[in-house]
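Worksheet for the structure shown next.
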Amino acid sequence: MKIRDQHYRTIWREQQTVCIIDQTLLPFAFQVVRIETYVEMCHAIRTMQVRGAPLIGAAAAYGLVLGIQAVADDDVLHAVADALIATRPTAVNLRWAIQRMLAQLLVVPQAQRAILAWEVAQSIADEDVTQNHAIGQYGKALIAHAVTVNPAQVVNILTHCNAGWLATVDGGTALAPVYAAFDAGLHIHVWVDETRPRNQGASLTAWELAQHGVPHTVIADNAGGYLMQNGQVDMVIVGADRVTRQGDVCNKIGTYLKALAAADNQIPFYAAVPTPTIDWQMVRGADIEIEMRDADEVAYMQGQGIDGRLQRVRVIPKESQALNPAFDVTPAKWVTGIITELGIFSPADLLTLEAKS
Ligand SMILES: CSC[C@H]1O[C@H](OP(=O)(O)O)[C@H](O)[C@@H]1O
């Protein structure tokens, strides 16, 4: 996406290093960080300098590249892969990307692995961009249909967390249809859930949409149901970290509550995902490992002080405990459709995709 007229991906190769945008500093600072080792990439994924299911898949792939430039024997390959997989458990894209790298690297002589790894990681990144563009086109058709239903109205879309270009290599998943519709001149507006505790909505989605000029309003997570009850939401589009073969959608904590409110108000609820986010090995969403992150992410908030400096403030009593599950699972029965690069599918029809994935 373009930032001040310069095109960026969220991750890219520069000589023998990998550059990322440090998303923990947005929206108040735009800083590129150069990653030189797989250990640094593990840190970047674990601390959410890079985050978002497709992006952490690509980041893990590049991390594996960095880890085998000096020594590329099987033991090193597996040790680096295991370290990267251990950084975050929920988004299936991370394990998928590592397994794809291993499948292509283990079958070639060690001497070829360092160069081939760069090529495979680049392919993973490039494919994500292509897939997200297709998601955008299919999703744009949904929005265009909503416009025909109410031509005089603005189509109001609610989204949760950040599933924009910052969550992918480029283009985004849930926001890909938003950008495609906006660029096509359709009149849309986005309700942006702030998405406590890490505030990916308030800090990342709002920033992305503002950079592109898309009309949007940041809301407290708990305001979504009220807006739906008052006819102010036409559709909900979210991303996902893992979709099971029966169509259960695992996404940022709070997504499930939005799906329930959407169902109660007859509002369509879509998950936009590239097919690498579908876990064909898993049937039940209840079996997905939900990442439990540091309770301090609930106890503290980060923001910009009146002096312009980033500050972190405590928002709960020091005597209080906090719990921080990072994701939840929306059962397939509350999901209207899954927007993929191969088309839009009901959860029941998802299995027809397996052979093509
Ligand atoms: C397009 S995947 C975006 C997905 O990833 C986010 O999780 P996190 O920011 O913790 O990596 C969130 O669940 C988004 O919907």
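Each reported figure results from applying straightforward, stated rules to the coordinates on display, with no laboratory input. These numbers were taken from a predicted model, which means no experiment stands behind them. Cβ coordinates were reconstructed from backbone atoms using ideal geometry, including for glycine residues, and neighbour counts include every protein chain displayed.
Angle between the Cα long axis of helix 92-105 and the longest principal axis of the chain, 0 to 90 degrees, nearest 10? Around 30 degrees separate the two axes. Under a Gaussian network description of the chain, with springs only between Cα atoms under 10 Å, the residue in 110, 281, 23 that fluctuates furthest is 281. Remark: the residue 296-residue 133 segment gains 55.0 nm on full extension, using 0.36 nm per residue and subtracting the alpha carbon distance. Helical content of the chain, expressed as a calculated mean residue ellipticity at 222 nm, amounts to -11000 deg cm²/dmol (DSSP H runs of 4 or more residues, -39,500 (n - 2.57) each, divided by residue number, nearest 500). Tally Lys/Arg at +1 and Asp/Glu at -1 over every other residue whose Cβ is under 15 Å from the Cβ of residue 37; what's the total? Surrounding charge for residue 37 is 0. Taking 25 Å as the straight-line reach from the Cα of residue 333, the lysines in range (excluding those fewer than 8 positions away in the same chain) are 140, 252, 258, 356.
Segment residue 312..residue 357, full-extension length gain: 11.9 nm, with 0.36 nm per residue of separation and the alpha-carbon distance subtracted.
Taking 0.36 nm per residue of separation and subtracting the Cα-Cα distance, full extension of the segment from residue 230 to residue 19 would add 71.5 nm. Rounded to the nearest 5, the antiparallel percentage of DSSP beta bridges internal to the chain is 55%. Our summary gives the range 151-356 a relative contact order of 21 percent, counting only alpha carbon pairs under 8 angstrom and 6 or more residues apart.
Placing a label point 7 Å from the Cα of residue 7 along the Cα-to-Cβ direction, the residues of the range 116-138 with a backbone N closer than 18 Å are 122-137. Once the Cα atoms are used to define both axes, helix 255-264 deviates from the longest principal axis of the chain by about 30 degrees.
For residue 283 and residue 82, the FRET efficiency from 1/(1 + (r/R0)^6), where r spans their Cβ atoms and R0 equals 35 Å, is about 0.85.
Couplings 3J(HN,Hα) of the range 237-250, computed from phi: 10, 10, x, 7, 9, 6, 10, 8, 5, 9, x, 5, 10, 9 Hz, in residue order, whole Hz [Karplus 6.51 cos²θ - 1.76 cosθ + 1.60, θ = phi - 60°; x for Gly and Pro]. Computed from the Cβ-Cβ distance with R0 of 56 Å, the FRET efficiency linking residue 107 to residue 145 stands at 0.75.
Mean separation of Cα pairs under 8 Å and 6 or more residues apart, divided by the residue count, gives the range 281-357 a relative contact order of 26 percent.
Each residue, residue 153 and residue 223, gets one label point 7 Å from its Cα in the Cβ direction; the gap between the two is 1.9 nm.
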